[in-house]
Amino acid sequence: MNFKTTQEHEALRAQIRAYAEAEIKPYAFQWDKENYFPRREVVDRLAEMGLMGIPFPTEYGGAGLDATSYAIAVEELSRVDGGAGVILSAHVSLGSWPIYAFGTQEQKEKYLVPLAKGEKIGAFGLTEPNAGSDAGGTETTAVLQGDHYILNGEKIFITNGGEADTYVVFAVTTPGIGTRGISAFIVEKGWEGFTFGEHYDKMGIRSSATAQLLFQDVKVPKENLLGKEGQGFKIAMATLDGGRIGIASQALGIAQGAYERAVEYAKERVQFDKPIAFQQSISFKIADMATKLRCARMLIYSAAELKEHHEPYGMESAMAKMYASDIALEVTNDALQIFGGSGYLKGMDVERMYRDAKITTIYEGTNEIQRVVIASHILGKEPKAQSAGGVKQSGAITGPRKKQIWKGGEVQEMVDALVDSLKQDGYDFTVGIPLDTPIARAERVVSAGKGIGEEENMILIEDVARAAGAAIGSSRPVAESLRYVPLDRYVGMSGQKFTGNLYIACGISGAVQHLKGIKDASTIVAINNNPNAPIFKHCDYGIVGDVAQVLPLLAQALDTGEKLPAPPMVKMKRATPKQEKPVYKTYVCGGCGYEYNPAQGDPDNDVLRGTQFENLPAEWVCPECAEAKDAFIQA
Ligand code: CAA
């Protein structure tokens with residue numbers, strides 16, 4: 001490993017620093033305040049400088065520089081604005097690199113070239129509500145139909161989401177076989193059925209865009225499969241190995257920026273008749289900060305150097321990401337401490353940097369996951385429990401639910417079917433509770449989400465609540481931003497938890513924080529016009545339809561006139577959904593009756609868990625009686 005960067009590296013640093021000081025620094029506070037994505041000021045300018053494709057060969061429109069140059073670029077942008085740093089990092093490491101590393105020549109020409117030239121922006125769609133740290137729990141599906149895959153599902157917390165043109169998206173193509181059933185696809189913005197959720201209102205890196213990706217029957221041409229079917233998880237993991245160098249550089253840059261400002265301030269600020277920099281309590285802090293920055297930089301550049309030389313670097317990039325982001329929190333905290341009360345004010349760089357730093361310990365693998373990765377390189381992998389068989393169990397946020405969804409029929413028929421089902425489950429609509437019963441004590445709640453539209457439509461919620469004998473609730477934005485109901489009526493992880501029997505969610509999309517607040521409900525009903533709204537995956541009954549049409553009919557169907565006071569609540573048992581059969585085919589040995597189980601594979605004969613019968617090698621024989629593979633029959 002070289003312990004010194006080259007002259008070329010330092011010339012690049014000087015070039016980016018000059019640009020960032022002049023064209024980003026003066027605006028960073030405003031971008032942060034206004035959640036502004038600086039396409040023109042950052043993306044277009046980096047493209048002009050030929051830096052949006054730093055590590056890619058010039059034949060693909062890149063700058064042909066090394067991985068250390070890329071790390072320096074992210075570091076220097078982040079030194080003035082952490083948001084600008086991650087725009088480049090997510091674009092290069094996550095949105096473009098997998099196409100460079102795993103794409104066909106055609107895919108590289110079509111997608112990588114405009115990305116590397118900075119004409120297009122890239123993003124990476126891996127994270128889902130049930131697949132965060134456990135990326136193998138991916139639930140988005142891609143089903144091959146003729147020349148296309150049909151993509152359905154959602155991705156959350158996607159950096160550059162909405163602003164990017166090209167997305168590398170991970171989806172399950174073979175269900176039931178764990179990570180080996182995941183494939184990667186290149187998906188273009190603008191394709192029918194591909195939409196975005198609202199941008200998240202984040203604590204930091206507010207000049208970067210982060211959004212939810214929604215896929216509803218999106219037709220992805222077969223030629224946009226990246227790598228082979230089933231290779232997706234490995235593509236994701238290999239991509240993240242490199243991405244972690246980018247995030248480590250971002251963390252380092254943020255910390256470096258805060259450190260420099262703190263040193264400058266400490267030299268100017270006089271207390272007890274001398275600059276505070278010369279008070280030992282501060283000078284020791286500065287010494288510690290500088291040492292941590294140097295350690296982080298060494299770890300990052302050494303991981304980059306290994307990557308550049310095509311040596312294994314997964315453990316080293318995880319170490320760099322973990323260490324640089326951990327110390328970024330410490331250094332930005334110390335910097336703010338040195339500034340004292342002045343550092344706590346909006347408009348001060350250290351205040352923004354303190355907020356920007358936090359995400360670096362979370363995304364592209366939490367630092368807990370980095371420790372898992374590092375430990376597994378040292379200790380090897382922990383053997384998986386036999387019963388799990390490498391097949392992920394679905395972990396819906398609200399637990400197992402019936403998921404009986406009515407879609408596309410006459411609204412009246414769908415409403416009648418819903419009310420019949422609720423009555424069959426034992427709900428008595430001749431009794432009721434007051435509309436303002438505290439959520440935590442309510443047996444039933446009818447809740448409004450943003451899909452309800454104008455405030456005057458709250459009358460529909462009240463009518464349904466009265467007819468259902470329920471209290472009124474809402475999603476967080478309806479109480480907090482729209483203020484249609486008081487704050488104590490919003491349901492969610494950070495609001496009131498509903499633990500009663502019947503929860504009717506109207507126009508609520510089903511953000512994770514909301515779902516966590518209703519996970520103990522006995523029955524969840526969802527009414528929403530977006531069939532892809534996450535709430536439908538987490539409910540017992542659902543109607544896909546316009547709330548303005550569904551709610552009046554529902555109020556009518558539930559109406560029994562004056563309600564009798566409800567008796568004390570008896571918690572109802574939650575309905576259990578039917579067990580789904582395994583999706584793989586079962587094969588039995590014609591000789592001895594041994595049944596091959598793909599979830600277990602045949603470890604004694606080096607057949608990995610998750611291997612389908614069809615994919616067993618032709619020479620494989622029955623482990624019980626040594627009959628040939630041909631002698632197996634499909635059960
Ligand atoms: N490179 C290539 N293959 C790899 C690999 C790597 N680095 N790591 C694992 N694999 C392979 C394994 O060899 C294994 O292959 P076989 O099936 O052939 O044996 C397969 O992948 C499965 O590996 P594991 O059994 O180790 O997988 P796991 O389910 O136990 O998960 C994990 C491992 C490290 C925890 C992984 O799930 C992980 O990294 N989680 C964190 C996800 C993450 O970082 N998300 C961030 C999203 S992106 C983001 O945040 C972007 C942004 O906003 C900027």
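With θ taken as phi - 60° and the Karplus curve 6.51 cos²θ - 1.76 cosθ + 1.60 applied, the whole-hertz 3J(HN,Hα) list for the stretch 438-454 is x, 3, 5, 10, 6, 7, 9, 9, 10, 10, 9, x, 4, x, 6, x, 5 Hz, x standing for glycine and proline.
Among the GluC sites (Glu not before Pro) in the stretch 86-153, those placed in a DSSP loop whose Cβ has at most 15 other Cβ atoms within 10 Å are Glu119.
Listed by chain and number, the aspartates and glutamates whose alpha-carbon sits under 20 Å from that of Lys267, ignoring those within fewer than 8 places in the same chain, are Asp288, Asp334, Asp349, Glu351. When only the Cβ of Lys, Arg, Asp and Glu is charged (+1, +1, -1, -1), the dipole of the chain relative to its Cα centre reaches about 1240 debye. With viscosity 1.306 mPa s and temperature 10 °C, the Kirkwood radius over alpha carbon pairs of the stretch 419-467 converts through Stokes-Einstein to a diffusion coefficient of 129 µm²/s.
Straight-line cross-link partners of Lys571 among the lysines, defined as a Cα under 22 Å from its Cα and at least 8 positions apart when in the same chain: Lys402, Lys403, Lys423, Lys497, Lys516, Lys519, Lys563. Dipole orientation for the chain: of the candidates Gln280, Thr611, Gly507, Gln280 has the Cα lying most toward the positive pole (charges on Cβ; Lys, Arg +1; Asp, Glu -1).
Close amide H pairs (under 5 Å, H built 1.01 Å from N) link Phe196 with Leu214, residues at least 5 positions away or on another chain. In summary, no aspartates and glutamates lie within cross-link reach of Lys274, defined as a Cα separation below 13 angstrom excluding same-chain residues under 8 places away. Residues whose amide H lies under 5 Å from that of Gly432, counting only those 5 or more places away or on a different chain, are Leu564, Ala566; hydrogens are built 1.01 Å from N in the peptide plane.
Helical runs assigned H by DSSP (4 residues or longer) give the chain a calculated mean residue ellipticity at 222 nm of -11500 deg cm²/dmol, each run adding -39500 (n - 2.57) before division by the residue total. Subtracting the Cα-Cα distance of Ala628 and Asn35 from their residue separation scaled by 0.36 nm leaves 207.1 nm.
Out of every Cα pair in the stretch 465-526, what percent are spaced more than 15 Å from each other? Intermediate results must be reported in sequence, preceding the final value.
On the way: 854 of 1891 pairs.
That fraction is 45 percent.
Summarising the amide proton neighbourhood of Ile405: residues at separation of 5 or more, or on other chains, whose placed amide H is nearer than 5 Å comprise Gly542.
Ligands, DNA and RNA excluded, the heavy atoms of Thr127 present near 40 Å² of accessible surface to a 1.4 Å solvent probe. Normalised per residue, the accessible area of the chain is 45 Å², obtained with a 1.4 Å probe and no contribution from ligands, DNA or RNA. Rolling a 1.4 Å probe over the protein heavy atoms of the stretch 303-376, with every protein chain left in place, gives an accessible area that is 61 percent carbon and sulfur. All other residues whose Cβ lies under 15 angstrom from that of Val491 are scored, Lys and Arg at +1 and Asp and Glu at -1, for a net of +3.
Taking all protein chains as shown and a probe of 1.4 angstrom, Leu65 keeps an accessible surface of around 60 Å².
Per-residue 3J(HN,Hα) values for the stretch 6-15, derived from phi via the Karplus relation 6.51 cos²θ - 1.76 cosθ + 1.60 with θ = phi - 60°, read 7, 4, 5, 4, 5, 5, 5, 4, 5, 4 Hz in sequence order (x marks Gly and Pro). With a/c under 1.5 counting as rounded, go ahead and sort the stretch 1-110 into rounded, prolate or oblate using the C-alpha gyration tensor (a ≥ b ≥ c being the square roots of the eigenvalues; past the cut-off, prolate if a/b is larger than b/c, else oblate). Oblate shape, in that a/c is at least 1.5 and b/c is the bigger or equal ratio. For the chain, the alpha carbon positions stretch 78, 74, 42 Å along the principal axes, listed from largest to smallest. Using a probe of 1.4 Å, the accessible surface attributed to Glu627 totals some 70 Å² when neighbouring protein chains are kept in position.
Using a 1.4 Å probe on the protein chains only, how many percent of the accessible area of the stretch 50-99 belongs to carbon and sulfur?
Details: 390 of 760 Å².
Carbon plus sulfur share of accessible area: 52 percent.
Ranked from largest to smallest solvent-accessible area, with a 1.4 Å probe on the protein heavy atoms, Thr174, Thr430, Thr58 come out as Thr58, Thr430, Thr174.
Take the alpha carbon atoms of the stretch 524-573, find their radius of gyration, then divide it by 2.2 N^0.38 Å using N residues; give the quotient. Numbers along the way, then the final one.
Values: Rg = 14.0 Å, N = 50, 2.2 N^0.38 = 9.7 Å.
Rounded to two decimals, the normalised Rg is 1.44.
Taking θ as phi - 60° and the Karplus parameters 6.51, -1.76 and 1.60, the scalar couplings of the stretch 23-32 work out to 10, 10, 3, x, 10, 4, 5, 5, 4, 5 Hz in sequence order, x denoting glycine and proline. Partnerless cysteines in the chain, where a partner means another cysteine C-beta under 4.7 angstrom, comprise Cys295, Cys506, Cys539.
Could you order peptides 158-169, 450-461 by the average number of other Cβ atoms within 10 Å of their residues, highest first?
158-169, 450-461
Summing +1 for each Lys or Arg and -1 for each Asp or Glu, what net charge is found among the other residues whose Cβ lies under 14 Å from the Cβ of Tyr313? Residues near Tyr313 contribute -3 overall. The Cα atoms of the stretch 426-517 define a convex hull whose projected area, averaged across directions, is 5.2 nm².
The values are calculated or read from the model by the stated rules, or taken from the named source; none is laboratory data. No experiment lies behind these values; they were computed from the predicted model shown. Every residue, glycine among them, receives a Cβ derived from its backbone with ideal geometry; neighbour counts consider all protein chains shown. All accessible areas refer to the heavy atoms of the entire protein, side chains included, with ligands and DNA or RNA removed. Shrake-Rupley method; radii C 1.70, N 1.55, O 1.52, S 1.80 Å.
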